[in-house]
Each structure stands twice: as structure tokens, then as C-alpha cells.
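These notes concern the structure reproduced below.
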Amino acid sequence: MSTPMTRPSAGRLHTVAARLRVGVPAQVFRQHLAVGDLAGAWRGVDPALRWAWTRRWTHTSRAALGGLCPVGLAIELAALEGPAHPLWRRFASDQLQTLHQVERSGQWRSCPGPARPPADVTVLYADPRHLDTWALPSDPGAVPMLMRWNGTTWLVLNYASTTIPPTGHPD
């Protein structure tokens with residue numbers, strides 16, 4: 001147990017230092033989005049968000065999917081290997097288009113946010129016009145990013161929304 005007079009253990013210091021670097025994976029994600037590379041960003045996306053995005057896409061695209069099972073396809077696309085799937089390009093193109101539209105329109109402001117995020121979640125505000133700039137929540141055009149600490153690294157839990165995706169994702 002640490003007291004104010006006791007130095008935290010090396011493991012605890014590492015965890016605290018890692019938690020303070022939340023902006024690094026968030027910045028990498030934003031850089032991939034800016035160049036249209038969702039596949040490059042995929043490892044930095046929380047499994048709950050991968051599942052939410054792929055499930056929504058397969059649901060809205062089910063007529064064009066022919067006889068494919070939307071849930072099965074969503075599971076395959078949500079996996080870390082999802083970018084290797086033959087339908088990845090269609091999914092990624094549609095998802096990137098949606099994210100960029102939300103960035104430009106500021107639609108996210110109508111989404112309810114967590115009144116008090118859990119301890120492992122933090123909210124950053126991105127300036128979509130400048131990749132190297134973070135914003136204040138009150139800045140016009142600021143885009144929220146929910147980041148979740150998984151014990152090892154920060155993952156993007158949501159982008160352009162302050163809603164925590166529901167659990168129940170395949171993992």
C-alpha cells in the first residue's frame with residue numbers, strides 16, 4: 001500500500017505513466033482516419049466499438065449482402081483480422097464516409113454522453129481540421145473521442161460520440 005511518503009512500485013509508476021499518454025494512440029487513430037486507412041487504425045479500436053460499427057454496417061447493408069448472415073459477417077469484420085476480409089473495403093469506405101460526415105456536420109452534439117465516465121474511460125476532444133491539435137469541449141467543431149484503458153494500452157472506445165458502445169461484442 002502506498003502512502004504519501006512511500007514511493008509507488010515500479011509497476012504502478014509504469015501504469016500511471018502509460019495512462020498519462022492517452023493522446024499518443026488517439027493521435028495515431030486520427031492520422032489513420034485522415035488518410036482513409038481504417039485498417040491501419042483497427043488495432044487501436046476497442047473491441048466494443050469494432051463490434052458496434054460492423055454490426056451497424058451489416059444491418060444497414062443486409063439487402064446488398066445477399067445470403068450472408070449479417071451477424072456472422074459482423075463478427076468476422078470486427079476481428080483484428082477483419083481488414084483481410086473480402087468485404088472489408090466496402091465496410092471501411094462506408095464507415096470512413098460516416099465518420100467524416102459526422103466530423104463536418106457536428107452531429108455528435110445531439111448524442112447523450114456519459115454524465116460521469118467510468119474510471120478506465122477518458123474523453124478527449126479532437127480538432128478535425130488540425131491533426132496535431134486537441135480542442136476544448138466548448139470549441140466549435142470539437143469532436144469527442146472516448147478512450148478506454150485496457151490495462152496495457154489506450155483504445156478508441158468511440159469517435160465523434162460520447163456514447164459508450166454496449167458490451168456483448170464477440171471477443
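From least to most packed, judged by other beta carbons within 10 angstrom and beginning with the fewest, S161, S138 follow the order S138, S161. Each of H59, H100, H32 has some number of other Cβ atoms within 10 Å of its Cβ, and from fewest to most they run H59, H100, H32. With neighbour counts taken as other beta-carbon atoms within 10 Å, the residues L157, L68, L136 rank, fewest first, as L136, L68, L157. Projected onto its three principal axes, the C-alpha set of the range 22-159 covers 46, 34, 29 Å, listed from the longest axis down. Distant-in-sequence amide contacts of V45, defined by a placed amide H-H separation under 5 Å and a gap of 5 or more residues or a different chain, comprise V156. Tally Lys/Arg at +1 and Asp/Glu at -1 over every other residue whose Cβ is under 11 Å from the Cβ of V71; what's the total? Around V71, the surrounding residues sum to +1.
Measuring nothing but how far apart in sequence close Cα pairs (under 8 Å, 6+ apart) lie, relative to its length, the range 22-159 scores a relative contact order of 27 percent.
Values in this text are rule-based calculations from the coordinates and carry no lab data. As the structure is a prediction and not an experimental result, all values here were calculated from the model. With ideal geometry, Cβ positions are generated from the backbone for all residues, glycine too; neighbour counts draw on all protein chains shown.
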